[in-house]
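To start, the structure itself, in structure tokens.
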């Protein structure tokens with residue numbers, strides 16, 4: 001399927017592995033020039049090499065997007081390397097696990113910066129140019145915890161809910177300018193992070209999901225790429241769960 005975005009330029013945050021890398025891979029396959037980033041230079045180099053080996057037009061940037069300043073710098077550096085950014089995929093790792101009793105108030109600031117303010121900063125850096133040019137796509141990777149809080153992740157649940165509110169508000173404001181803003185809410189996908197928590201055998205976890213298996217990262221990436229496509233131009237302000245039916249609420 002031709003997504004109609006060949007020749008566009010994208011900045012995909014936290015994309016040296018996992019779902020960020022899957023999103024970058026899907027965009028590169030659609031003919032997009034992609035800037036990827038990560039903190040670990042070896043892992044970043046490996047990601048760039050894998051994308052380039054598949055024929056992708058890719059640039060690797062060392063960046064820490066867990067802070068607002070680092071997130072904004074990533075977008076600016078991506079523009080210097082690739083040209084004006086048409087597609088932005090905000091993404092970041094999660095804060096430490098734990099419940100209400102574990103964290104003092106001081107723990108919430110860094111969590112909000114990592115999973116809320118970093119997204120705001122990336123949008124502040126990229127969206128004005130999109131509006132001026134009359135075309136743009138923002139597709140943020142958040143979490144299914146926005147719909148159904150995950151036990152033991154109070155910091156992430158709180159920060160990602162805030163990011164979803166920001167993205168929905170932004171979507172309404174920039175819609176007349178040809179810019180769409182959506183978020184994608186992953187459930188359990190077969191990434192290195194998930195295997196580090198549950199082990200290499202994910203069969204038991206998959207049995208708890210209605211479709212009977214954990215998600216494949218490449219399928220998640222394809223959803224992100226579709227929301228960036230010309231065919232998705234009428235989709236904005238959406239928060240789409242990609243979780244195999246794990247969330248069972250009506251909304």
Tally, over the stretch 23-39, of residues that are touching a strand residue (DSSP E or B) at 6+ places or on another chain (Cβ under 8 Å) and either part of a strand (DSSP E or B) or crowded, with 22+ Cβ neighbours inside 10 Å (or both)
11
So is residue 36 free of Cβ contacts under 8 Å to residues at least 60 places away in the same chain and closer than 20 Å to residue 9 by Cβ or not?
yes
All-but-one check, residue 188 against (1) within 30 Å of residue 106 (Cβ to Cβ); (2) touching a strand residue (DSSP E or B) at 6+ places or on another chain (Cβ under 7 Å); (3) without any contact (Cβ under 8 Å) to a residue 60 or more places away in the chain, failing number (1)
Being surrounded by 14 or more Cβ atoms within 10 Å (Cβ to Cβ), part of a loop (DSSP other than H, G, I, E, B) and modelled with pLDDT under 90 is the filter here, so list the residues in the stretch 211-251 that pass it.
213, 214, 243, 244, 246, 247
All but one of (1) closer than 30 Å to residue 106 by Cα; (2) more than 15 Å from the chain's Cα centre (by Cα); (3) in contact (Cβ under 8 Å) with a residue 24 or more places away in the chain; (4) part of a helix (DSSP H, G or I) hold for residue 73; state the number of the condition that does not hold.
(3)
Give all pairs with beta carbons closer than 6 Å in which a residue from the stretch 122-148 that is at pLDDT below 95 meets a residue that is in a loop (DSSP other than H, G, I, E, B); count only pairs at least 6 apart in sequence or on separate chains.
144/187; 144/243; 144/247; 147/247; 148/247
For the stretch 195-210, enumerate the residues that are surrounded by 13 or more Cβ atoms within 10 Å (Cβ to Cβ), in a loop (DSSP other than H, G, I, E, B) and either out of contact with any helix residue (DSSP H, G or I) (no Cβ under 8 Å at 6 or more places or on another chain) or modelled with pLDDT of 85 or more (or both).
209
When only residues in the stretch 48-65 that are crowded, with 20+ Cβ neighbours inside 10 Å and under 16 Å from the mean Cα position of the chain (by Cα) count, which is farthest from residue 163 (Cα to Cα)?
63
Scan the stretch 150-164 and give yes if some residue there is part of a helix (DSSP H, G or I), in contact (Cβ under 8 Å) with a residue 24 or more places away in the chain, in contact with a strand residue (DSSP E or B) (Cβ under 6 Å, 6 or more places away or on another chain) and closer than 27 Å to residue 245 by Cβ, otherwise no.
yes
Could you list, in sequence order, the residues of the stretch 133-149 that are under 20 Å from residue 227 (Cα atoms) and part of a loop (DSSP other than H, G, I, E, B)?
134, 135, 142, 143, 147
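The values are calculated or read from the model by the stated rules, or taken from the named source; none is laboratory data. As the structure is a prediction and not an experimental result, all values here were calculated from the model. We place every Cβ from the backbone using ideal geometry, glycine too, and count neighbours over all the protein chains shown.
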